[in-house]
Amino acid sequence: MSRIQPTLAALLAQGRKALIPYVMAGFPYADVTPELMHGLVAGGADVIELGVPFSDPSADGPVIQKAGEKALALGIGLADVLEMVRVFRTRDSATPVVLMGYANPVERYDIKYGASTTESAFIRDAAAAGVDGMLIVDYPPEECVEFASRLRAHGMDLIFLLAPTSTDARMAQVAEVASGYVYYVSLKGVTGSGALDVDAVEAMLPRIRQHVKVPVGVGFGIRDAATAKAIGQVADAVVIGSKIIQLIEQQPRDKVAAVARDFLKEIRAALD
């Protein structure tokens, strides 16, 4: 079992909602990510989503795309992301870490570092680094039953996106494979775009929960304490990413973690 399920179960028992910040690995400085992750925890993060830089993202809006491009320009690859998690784990053995990205870096990692019909180099190394879960945007549930099983065998969860356009059949497919939590995309579009419709989210969550028995986090469009609080009243977790990226983008290196921490403290206070 990963750290995710007991973390979210403990929050549920306390009547609290999970705060899940997203940051891009290697942004805005190649070596700042472990320190930034500790800052997020100090600000009240319950789970951290760590973006894996990729050249051709399909779900990321312009803010996160730009962050990924900068990280790639700094030479950050998936092996570097795993090393960041290892460094983070030297001081934090409790906070769940989920890698969020795309299939290409994972499959390339296996090609580069060795894989077989019985073992994935990526799964092996991610587990050893202290990763708790994967959210791979372009892995549909019907194509990754075996991948999910291998992750679980190594104590990691496979997390899926659901959208306003998801059908009941799609939700049922996701429910068969997903563990940890599912991530409901609150609007049609990419990260950081559009206006958040809290009423529409509230109407959708009972449909999702008819099929999905793991906690439901909501993200895309949450930018401040007010929207986080509103979503926290109906969801199990609140995911916030693009706003954090914007806040840290122009900061000097020694201010990055503190700026993220102070922003999250505002969100945490609103949720509680």
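The values are calculated or read from the model by the stated rules, or taken from the named source; none is laboratory data. Predicted model only: the values in this text are computed from it and were never measured. Backbone-built Cβ (ideal geometry, glycine too); neighbour counts: all protein chains shown.
Starting from the range 31-49, keep only residues that are on the phi > 0 side of the Ramachandran plot, then list their pairs with residues that are outside any helix (DSSP H, G or I) whose Cβ atoms are within a distance under 7 Å, requiring at least 6 positions of separation or different chains.
Taking only residues 6 or more apart or on different chains, the pairs are 44/19.
Could you tell me which numbered condition residue 50 fails, if it satisfies all but one of (1) surrounded by 19 or more Cβ atoms within 10 Å (Cβ to Cβ); (2) in contact with a Lys or Arg (Cβ under 6 Å, 6 or more places away or on another chain)?
(2)
Looking at (1) under 22 Å from residue 66 (Cβ atoms); (2) at pLDDT below 95, find the lone condition where residue 198 falls short.
(1)
What's the number of the only condition in (1) under 17 Å from residue 220 (Cβ atoms); (2) at pLDDT 95 or above that residue 62 fails to meet?
Failed condition: (2).
If I go through the range 145-161 residue by residue, how many of them are farther than 17 Å from residue 3 by Cβ and not basic (Lys, Arg)?
The total comes to 7.
On the given criteria, is residue 268 under 29 Å from residue 66 (Cα atoms), assigned to a loop (DSSP other than H, G, I, E, B) and in contact with a strand residue (DSSP E or B) (Cβ under 9 Å, 6 or more places away or on another chain)?
In short, no.
Go through the range 61-87 and count every residue that is under 14 Å from residue 246 (Cα atoms) and touching a Ser or Thr at 6+ places or on another chain (Cβ under 7 Å).
Residues that pass the stated criteria total 3.
Across the range 135-156, what is the total count of residues that are surrounded by fewer than 20 Cβ atoms within 10 Å (Cβ to Cβ) and outside any loop (DSSP other than H, G, I, E, B)?
Within the range 135-156, residues that are surrounded by fewer than 20 Cβ atoms within 10 Å (Cβ to Cβ) and outside any loop (DSSP other than H, G, I, E, B) number 10.
Name every residue in the range 241-252 that is modelled with pLDDT of 95 or more, within 21 Å of residue 64 (Cβ to Cβ) and either hydrophobic (A, V, I, L, M, F, W, C) or assigned to a loop (DSSP other than H, G, I, E, B) (or both), in order of residue number.
Within the range 241-252, 244, 245, 247, 248, 251 meet the criteria.
I'd like the residue in the range 157-186 that is of a type in the set (A, V, I, L, M, F, W, C) and part of a loop (DSSP other than H, G, I, E, B) and, out of all such residues, is modelled with the lowest pLDDT.
163
Conditions: (1) at pLDDT below 95; (2) surrounded by 24 or more Cβ atoms within 10 Å (Cβ to Cβ). Residue 56 meets all but one. Number of the miss?
(2)
State whether the residues of the range 89-110 include one that is surrounded by fewer than 24 Cβ atoms within 10 Å (Cβ to Cβ), in contact with a His (Cβ under 7 Å, 6 or more places away or on another chain) and at pLDDT 95 or above.
Yes, some residue in the range 89-110 is surrounded by fewer than 24 Cβ atoms within 10 Å (Cβ to Cβ), in contact with a His (Cβ under 7 Å, 6 or more places away or on another chain) and at pLDDT 95 or above.
Does residue 223 qualify as being out of contact with any Asp or Glu (no Cβ under 6 Å at 6 or more places or on another chain), surrounded by fewer than 18 Cβ atoms within 10 Å (Cβ to Cβ), part of a loop (DSSP other than H, G, I, E, B) and on the phi < 0 side of the Ramachandran plot?
yes
Looking at 71, 128, which is the one that is surrounded by fewer than 18 Cβ atoms within 10 Å (Cβ to Cβ), modelled with pLDDT of 95 or more, of a type outside the set (Ser, Thr, Tyr) and out of contact with any Asp or Glu (no Cβ under 7 Å at 6 or more places or on another chain)?
128
Taking residue 208 as the residue in question, decide whether it is modelled with pLDDT of 95 or more and surrounded by 21 or more Cβ atoms within 10 Å (Cβ to Cβ).
Considered against the rule, which asks whether it is modelled with pLDDT of 95 or more and surrounded by 21 or more Cβ atoms within 10 Å (Cβ to Cβ), residue 208 comes out as no.
Could you list, in sequence order, all residues of the range 111-125 that are among the aromatic types (Phe, Trp, Tyr) and buried (at least 19 other Cβ atoms within 10 Å of the Cβ)?
122
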